[in-house]
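K.L.:
Below is one structure. I have some questions about it.
The values are calculated or read from the model by the stated rules, or taken from the named source; none is laboratory data. Keep in mind that this is a model prediction, so the values were computed, not measured. Cβ sites come from the backbone with ideal geometry, for glycine too, and all protein chains shown count toward neighbours. Keep in mind that these areas ignore ligands, DNA and RNA; they rest on the heavy atoms of the full protein, side chains included. Shrake-Rupley method; radii C 1.70, N 1.55, O 1.52, S 1.80 Å.
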Amino acid sequence: DYTVTIRPPLLCPRPETEELVMKIVEETTESPINILDVGCGTGVIGLALAAKLPDASVEAIDIDPIAIATSRENVARVLAPSQVSSYRATLCSAQDFRPDHRFDIVVSNPPYIPRADMETLAEDVIKYESSDALCGGDDGLDVIRVIVDKLSTWCISGGVCWMEVDPTHPEAIKEWIVANPHLRVSFESTHIDMFGKERFVKLRVV
């Protein structure tokens, strides 16, 4: 529903990411609500949620200064003047992020492509989009593990985390969470994208 500025090396939003936003909108009934967007890129996920969810406040973080500048630029493209104050973008890594309040929802489209699969990407992706925003390490789970590890300190009890992931990840994430109860996170559900792939996971802080 929105036109946004995109510039290299940021990822171009895909239809699957739009599906992620709409799943969160459909399942969010509480208001007001605090949302954290981890690895915001263009900002489109957090901005769309701020626009579609009444009384939502969104904090966005990214390690790329271009992402922070672009997401701030896109505020004026997506949000009404009365909503502008509901979105804040900060240059910070997930590992170092120390919020001054807790969140109801964490959302992320993190780097999740396994290293071995990077060579199979289309030429337009390899030429124009940052490998740092695509590759999630050997198994694609490097950044995802950091996010899950931080959830209990970022979220309220009962808070949820939605992530876009590689289709090989849901079962691996579930097994890792079960093996590490200190994380205080439960694996709630997996969701199929429009192409029939297990693309989204929903986790809950317990």
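K.L.:
Based on alpha-carbon atoms only, what is the radius of gyration of segment 136-191 relative to the globular estimate 2.2 N^0.38 Å?
P.N.:
Working it through for segment 136-191, the quotient is 1.07.
K.L.:
Under the rule of at least 5 residues apart or a separate chain, name every residue whose amide H is placed under 5 Å from the amide H of Thr42.
P.N.:
Result for Thr42 returns Leu11.
K.L.:
Would you mind computing Rg(Cα) / (2.2 N^0.38 Å) for the chain, counting N as its residues?
P.N.:
Taking the Cα Rg and dividing by 2.2 N^0.38 Å, one obtains 0.95.
K.L.:
Additional query: Length gain on complete extension for the stretch Asp124 to Glu27, per 0.36 nm per residue less the alpha carbon to alpha carbon distance?
P.N.:
Length gained between Asp124 and Glu27: 31.5 nm.
K.L.:
Two decimals is fine: what is log10 I(q)/I(0) at q = 0.15, 0.18, 0.20 Å⁻¹ for segment 54-154, from a Debye sum with one equal scatterer on every Cα and no solvent?
P.N.:
One equal scatterer on each Cα of segment 54-154 leads to -0.75, -1.00, -1.13.
K.L.:
While we're on this one: Quick check for you: which residues of segment 155-189 have the amide N under 13 Å from the point 7 Å beyond the Cα of His101 toward its beta carbon?
P.N.:
What the label zone holds, given the 13 Å backbone N cut-off, is 156.
K.L.:
Here is a further query. Hey, what do the phi angles of segment 106-114 turn into as Karplus ³J(HN,Hα) couplings, whole Hz, using 6.51/-1.76/1.60 and θ = phi - 60°, x for Gly and Pro?
P.N.:
Values, residue by residue: 10, 10, 7, 10, x, x, 9, 7, x Hz.
K.L.:
Using the Karplus curve 6.51 cos²θ - 1.76 cosθ + 1.60 with θ = phi - 60°, work out ³J(HN,Hα) for each residue of segment 27-41 in order, rounded to whole Hz, and write x for Gly and Pro.
P.N.:
9, 9, 10, 7, 7, x, 8, 9, 10, 10, 9, 9, x, 6, x
K.L.:
Please work out the Kirkwood hydrodynamic radius for segment 87-206, using every pair of different C-alpha atoms, and report it in angstroms with one decimal place.
P.N.:
15.1 Å
K.L.:
Using a 1.4 Å probe, how large is the accessible area of Trp176, given in Å² and rounded to the nearest 10?
P.N.:
The accessible area of Trp176 comes to roughly 70 Å².
K.L.:
Could I ask something else about it? May I ask which of Lys23/Lys197; Lys127/Lys174; Lys174/Lys197; Lys23/Lys174 have a Cα-Cα span longer than 27 Å here?
P.N.:
Going by Cα-Cα distance, Lys127/Lys174 fall outside the 27 Å limit.
K.L.:
Would you mind calculating the gained length between Lys174 and Asp132 on full extension (0.36 nm times residue separation, minus the Cα-Cα distance), in nm to one decimal?
P.N.:
So the chain would gain 12.7 nm between Lys174 and Asp132.
K.L.:
Using a simple charge model, +1 on the beta-carbon of Lys and Arg, -1 on the beta-carbon of Asp and Glu, nothing else, what dipole does segment 1-133 show about its Cα centre, in debye to the nearest 20?
P.N.:
360 debye
K.L.:
I've got another one for you. Among Ala51, Pro32, Cys12, which residue has its Cα furthest toward the positive end of the charge dipole of segment 6-58, with +1 on Lys/Arg Cβ and -1 on Asp/Glu Cβ?
P.N.:
Cys12
K.L.:
Relative contact order for the chain: what is it in percent, counting Cα pairs under 8 Å that are at least 6 residues apart?
P.N.:
19 percent
K.L.:
At 1.4 Å probe size, put Met118, Met194, Met163, Met22 in order of accessible surface, largest to smallest.
P.N.:
Met194, Met22, Met118, Met163
K.L.:
Let me ask you something else. What spacing in nm lies between the two simple spin-label points modelled at Arg184 and Ser152, each 7 Å away from Cα in the Cβ direction?
P.N.:
Distance between label points: 0.6 nm.
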